Structures are given as structure tokens and as C-alpha cells.
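Have a look at the structure below before the remarks.
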Amino acid sequence: MQAVILAGGLGTRLRSVVSDVPKPLASIHGHPFLAYQIAYLRHQGIHDFVLCVGYLHEHIMAYFEDGSRWGIRIQYAVEESLLGTAGALRNAQSFIDGPFLALNGDSFLEVDYTALLLFHAKRKKHFPATLGTLVLRRVENASRFGTVQLNGSGRILAFREKTGEASPAWINGGVYLLEPEILERIPVDQKTSIEKETFPALLESGDLLFGYPVNGYFMDIGTPEGYEAFKDWMANNIANPEFHLSPWEVYA
């Protein structure tokens, strides 16, 4: 299984904290945020990575190189211009050879990836029109988020824009297991949002998407508040081997 990580954004909201490197390289206790994310995936048996990079991508490529020193493979899909979350995946199509994980490179979510793969495989077997499974996170106050509406079997029925209502709901966790056919639904070299454009369009065309609910730790480091919150959380978890890329290299 490949993991395709979206790491090409500008990181505008985090500029006051991280101004000279791309957001995925934001330093967390001496190591880049993206290193923790990759280590967590590797610990669960994922060794093949594609990094979708753009803004200041040379820094990311210089740090991670081809991944061989950590026993993994890293390839890079470089964006010459901002393509959005869906456009970046389309740009990486030549590197993708089957069903793949897609993750936002500026957020972390605890997921049992083996269980996610089994969940998706069962849905795909029984519902061949299934093109993806989205990991969903329950929040008690969904006023700042768009939400996801499910039926009893976990099929996604609709995506709702932010309502401002402080009520509990399922939100998009920024982790997806996608079939490669989905890439053909995304325009080439065009800025496209997978959350706001591709996923809703798939539902409208009769394709199936399922939601995989989790309650693990979730944090978006795209704001100074989220960045500091993740640092605090990682301070209590940094001894956990699932967050180690050995050999570690200090990155200040």
C-alpha cells in the first residue's frame, strides 16, 4: 500500500511560526512534523511513499531524500503551480500503482490502518462502485468544520458546509483510502479541491464513498494554536517508538 502525502501548500496561516521552511517541516521537539507522520505510517507497515510537494519543496527533498536510510521508499511529485488537494493527487498519478492512502501533510490523526484497509476492501467487494473511504473524526463542536452525513451502513450521503452550529458531528479527518480510478475524475493541471469539488461530484454521479469513523487524537497544525497543541501532545508521546524514524536527525 502506498501513502501519498499532500505536502505542497503555502502554509499561510502558520507563517508567524514557520516562515523559512514549508509547513510539513515545522519543527516539533527537534524533528519535522512530517517525520512523525511518516514514522507513524511506517510503524503500521507502510513503506512506499509519494510526497506531493510544491512550495519550498527543495527543503523537503533535501531532508527526506529517497527514504532509504529509514528502510522506506520516497518519491516526489513536484507541482510547478498550486494545484489544490485533488490536483496534487492527479499530478502524482504516474507514481500510483493501485489503491492508495492519501493524507493531508499538515494534520495528524490516529488511525488503525490495517482495520481501515479491511473496512475498505469489504465495502469494495460488496459495492463495486466504491471509489474511496474517508476517515472521519467525531467532534463535539462542529461549528468550525464542514460535516459529513452518513447512513447506517457508513455510506456517505452528503457533505455539509460550515453552519456555525456548536453541535456534535462527524468531520473529514484528512485521511482517505482511494481507488486509482478516482484520479481520472480530476482535471489535469487545474487547481481542484478534493474536499469541495471531487468528493461531492462523485456522489452526484452515483459513485460510492464510505466513512470510517475513529475517535483517535486529531490535530491540524496549520494554525499557531494547532501547532502548539500538537507540540504539547507529542511531548507526552515522543518516547513511543511508533513516532521514531531511526536514525533520527535533529532538525531545528
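Values quoted throughout were computed directly from the atomic coordinates according to the rules given, and no laboratory measurement underlies them. Remember, it's a predicted structure, so these values are computed and weren't measured experimentally. Methodologically, a virtual Cβ is constructed for each residue, glycine included, from the backbone with ideal geometry; neighbour enumeration extends over all protein chains shown.
For the reader, a short list of remarks on this structure follows.
- Across the stretch 47-144, the relative contact order, built from alpha-carbon pairs under 8 Å that are at least six residues apart, equals 21 percent.
- Between the beta carbons of Leu118 and Asp20, assuming R0 = 45 Å, the FRET efficiency works out to 0.60 to the nearest 0.05.
- Beta bridges by DSSP in the chain, antiparallel share as percent, to the nearest 5: 50 percent
- Between Leu203 and Ser153, residue separation times 0.36 nm minus the direct Cα-Cα distance comes to 16.4 nm.
- Taking every C-alpha pair closer than 8 Å and separated by at least 6 residues, the mean separation divided by the residue count of the chain gives a relative contact order of 26 percent.
- Between Glu58 and Arg144, the modelled label-to-label distance comes to 3.5 nm, taking each label 7 Å out from Cα in the direction of the beta carbon.
- Cα-based shape type of the stretch 80-179, given that a ≥ b ≥ c are square roots of the gyration tensor eigenvalues and the cut on a/c is 1.5: oblate
- Counting beta carbons within 10 Å around each of Arg137, Arg155 and listing the fewest first gives the order Arg155, Arg137.
- In terms of surrounding Cβ atoms within a 10 Å radius of their Cβ, Leu41, Leu118, Leu150 rank from fewest to most as Leu118, Leu150, Leu41.
- Computed over the Cα atoms of the chain, the ratio of the radius of gyration to the Kirkwood radius (Rg/Rh) comes to 0.94.
- Here the stretch 106-140 and the stretch 168-209 have alpha carbon centers that stand 13 Å from each other.
- FRET efficiency for the Ser68 to Ser94 pair, using the beta carbon distance and R₀ = 30 Å, is estimated at 0.90.
- On the basis of the beta-carbon distance and an R0 of 41 Å, Ser193 and Ile238 show a calculated FRET efficiency of 0.75.
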